[in-house]
1. Taking the convex hull of the alpha carbon atoms in segment 241-343, what volume per residue do you get, in Å³?
2. What share of the DSSP beta bridges in segment 168-304 is antiparallel, in percent to the nearest 5?
3. Applying a 10 Å radius around every beta-carbon, put 216-227, 272-283 in order of their mean neighbour count, most first.
4. Local charge sum around Ala14 (other residues, Cβ-Cβ under 13 Å, Lys/Arg +1, Asp/Glu -1)?
5. Where does helix 268-282 land angle-wise versus the long Cα axis of the chain, in degrees 0 to 90, nearest 10?
6. What percentage of the solvent-accessible surface of the chain, computed with a 1.4 Å probe over protein heavy atoms, is contributed by carbon and sulfur atoms?
7. Rounded, prolate or oblate for segment 121-240? Axes are the square roots of the Cα gyration tensor eigenvalues, ordered a ≥ b ≥ c, and the cut-off for rounded is a/c under 1.5.
8. Counting only heavy atoms of the protein chains, get the accessible area per residue of segment 1-82 (1.4 Å probe) and round it to a whole Å² value.
Amino acid sequence: MFDNLKIEGYRGIAKTELLQFGRINLFFGKNNCGKSSILEALFLLTGPANPALPILMNQIRGISKHTEQTMALEFHQPTPRNRIFIQSEGSEARELTIQLVKRENPNINLKDIVPGETSSVTYSYGFSTTFRSKGDDREYTSEILIDPENDTQGSQNIAADYKEHIVARFLSSRLSLNIDSSDYGQIVQNKDEEKIFDLMRIIEPRLIDIQLVGNEFLVNLGGETRLPINVMGDGFLKIFNLILDIHYSRNGILIVDELDNGIHYSVMPLLWKAIDEACTRLNVQLFASTHSLDLIKGLVAAFKDDSEHDSIAAYKLIRRPNDEIASVRYTIGELSYSVNQNIEMR
């Protein structure tokens with residue numbers, strides 16, 4: 001697991017350091033305080049050998065072009081001559097450096113030769129990642145290059161002797177609520193489906209079961225026929241997706257941007273109980289963000305009788321004028337006190 005995190009030069013973050021992560025970690029604060037960027041940096045650190053991950057982070061934000069200008073958006077201000085540096089401490093101690101690179105392109109389109117000009121050199125551009133991990137003295141490098149003539153094409157060179165062992169998933173607030181059924185067979189094989197149903201009955205007490213038929217989930221609410229899961233509300237879909245992804249992330253890391261989206265405030269305390277139970281049982285470390293005070297109050301309500309619950313940490317993020325992100329870490333007890341005293345939490 002990650003215990004501490006340091007980020008330099010990623011998107012709007014000049015520098016930040018977060019300490020003493022728990023099993024469940026919630027980031028909150030005003031708009032543009034760096035919540036999503038911190039989650040993205042964590043995800044990049046779980047797959048340092050994959051140089052395409054920064055491109056994926058842009059795509060998740062709705063940036064579909066892969067030009068030099070859009071790739072530079074990954075860097076602070078954005079200034080690609082600077083590096084991105086991400087470092088973790090804990091049982092998964094590792095560090096990652098990302099740089100924007102240009103390489104001379106050995107291929108040439110003869111139609112592009114301009115009469116009267118001596119230079120016919122073209123350049124590919126992309127990301128280079130350099131990384132190392134705890135207990136391994138070697139430094140690994142991967143690279144992805146984009147074809148300047150067609151930014152949907154490229155090539156990559158991945159460190160062949162590095163094998164990633166962290167299982168990690170990223171749930172973006174911008175992604176569709178369509179349920180991923182590809183790994184559900186493993187849950188059935190492990191006889192874990194009834195545990196999932198128990199958690200889902202938190203928000204739908206009528207639920208009897210959920211069956212996968214082909215690639216479609218069907219819900220049994222006690223009627224004559226099962227219903228397609230898409231007819232259920234967005235809150236049901238969001239929570240089902242979340243619970244499934246905790247199971248899919250067994251012994252790994254789950255990252256969720258805007259955990260509160262589509263979830264009614266009344267079920268939030270029970271949702272936190274379900275998350276805590278699932279993450280503990282499946283050994284999953286959760287990192288999530290929110291802009292909802294109701295979600296924070298729900299966390300306090302869920303563990304009001306267990307204020308010493310030391311596996312949960314919350315972080316209020318504060319942007320400084322120099323783009324350094326400061327953080328205030330709260331235990332459950334401290335969070336409860338702040339909420340009860342009406343201290344500004346967002």
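The values are calculated or read from the model by the stated rules, or taken from the named source; none is laboratory data. Predicted model, so just to flag it, every value in this text is computed and none were measured. So basically every Cβ, Gly included, is an ideal-geometry build from the backbone, and we count neighbours across all protein chains shown. Areas reflect the complete protein model, heavy atoms only, side chains present, ligands, DNA and RNA absent. Shrake-Rupley method; radii C 1.70, N 1.55, O 1.52, S 1.80 Å.
1. Per-residue hull volume (Cα only) is 113 Å³.
2. Values: 7 of 15 bridges.
DSSP beta bridges in segment 168-304 are roughly 45 percent antiparallel.
3. With the highest mean Cβ count within 10 Å placed first, the list reads 272-283, 216-227.
4. Charge balance in the 13 Å sphere: +2.
5. For 268-282 against the chain, the angle is about 70 degrees.
6. Carbon and sulfur: 46 percent of the exposed surface of the chain.
7. Judged from the Cα gyration tensor, segment 121-240 comes out prolate (a/c at least 1.5, a/b above b/c).
8. On the way: 3070 Å² over 82 residues.
Here the residues of segment 1-82 average 37 Å² of exposed surface.
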